[in-house]
Amino acid sequence: MTSVMLWLGAAGSWLFIVTFLLDGWTRPGYRPVRQPVSALALGSRGWVQTANFVLCGLLIAAGAGALAEPPGSVGLAVVVGVFGASLVASGVFPMDAMRGYPPGTPDETPAEFSQRHKLHDWAGMLVFGSLPIAAGFAVFAVPDAAWKWYSGLTAAALAVGFGVFGQAWEQDSAYAGLVQRVTIIVGWLWLGSLFVYATR
């Protein structure tokens, strides 16, 4: 049963990437280089990314519990569980329409945000904050030396990447979406690989 849960966690991590990449590349009026992944939860096809947030978050949260099994780490399991739950919350509370998406939306940032958007921001902070911490926990929880290096480098890359994305988003950079995507791919690939590693 533990192995099944770990594979579910890996599937959720990797399915999230595949879904937002394919949906973003094929969504009319959506600009992946500028606009964030969360904006995909808006518009007539928004249900695709909403389902992506919720389903993948649930799969990751389910797999998180198995990471606590010996010789795993309870701390690592808890942080990954928070990460999964925060992804679910990101889908339940979508961001506000802004910066030209969905098509017809003014190409600017609203002066005020809805309560729903604020909750989405809080969920996003947990998502972006918990994954680097999880990678840091893995440095101490995983016995394999190569994995310690991989996890440590991932933690550093995520901390820098999410920080750069935060600045790019605040400045409405034309490359904010690209920065976010690269960082997400680095982090989610690591997490899926961690789940698979734990099945050994």
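FYI, it's all coordinate maths here, none of it is from the lab. For clarity, every value in this text was computed on a predicted model and none was experimentally measured. So basically every Cβ, Gly included, is an ideal-geometry build from the backbone, and we count neighbours across all protein chains shown.
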Next item on the list: Mind checking the full-extension length gain between residue 18 and residue 92? Use 0.36 nm per residue of separation minus the Cα-Cα distance, one decimal, nm.
Entry: 24.6 nm
Note to self: If I stretch the segment between residue 51 and residue 182 completely, what's the gain in nm (0.36 nm per residue apart, minus their alpha carbon distance), one decimal?
What the structure shows: 45.0 nm
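Take the Cβ-Cβ distance between residue 33 and residue 121 as r, set R0 to 25 Å, and report the resulting FRET efficiency rounded to the nearest 0.05. All intermediate terms of the calculation are to be shown ahead of the outcome.
Numbers: r = 22 Å, r/R0 = 0.87.
The pair residue 33/residue 121 has a calculated efficiency of 0.70.
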Checklist line | Sum of -39500 (n - 2.57) over DSSP H runs of 4+, divided by residues of the chain (222 nm, nearest 500) | finding: -25000 deg cm²/dmol
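Relative contact order for the chain: what is it in percent, counting Cα pairs under 8 Å that are at least 6 residues apart? Please report the intermediate quantities before stating the final value.
On the way: 319 pairs, mean separation 54.5, N = 200.
The value is 27 percent.
Given the Cα-Cα distance of residue 146 and residue 44 and 0.36 nm per residue of separation, how much length would full extension add, in nm?
Full-extension gain reported as 32.3 nm.
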Notebook entry, point to check: So, in Å, what gap is there between the alpha-carbon centers of segment 186-200 and segment 56-124?
Noted result: 19
Checklist line | Phi to ³J(HN,Hα) by Karplus 6.51 cos²θ - 1.76 cosθ + 1.60 over segment 184-200, Hz, x for Gly, Pro | finding: 4, 4, 4, x, 6, 5, 4, 5, x, 5, 5, 4, 5, 4, 5, 6, 6
Note to self: Could you compute Rg(Cα) / (2.2 N^0.38 Å) for the chain, with N its residue count?
What the structure shows: 1.01
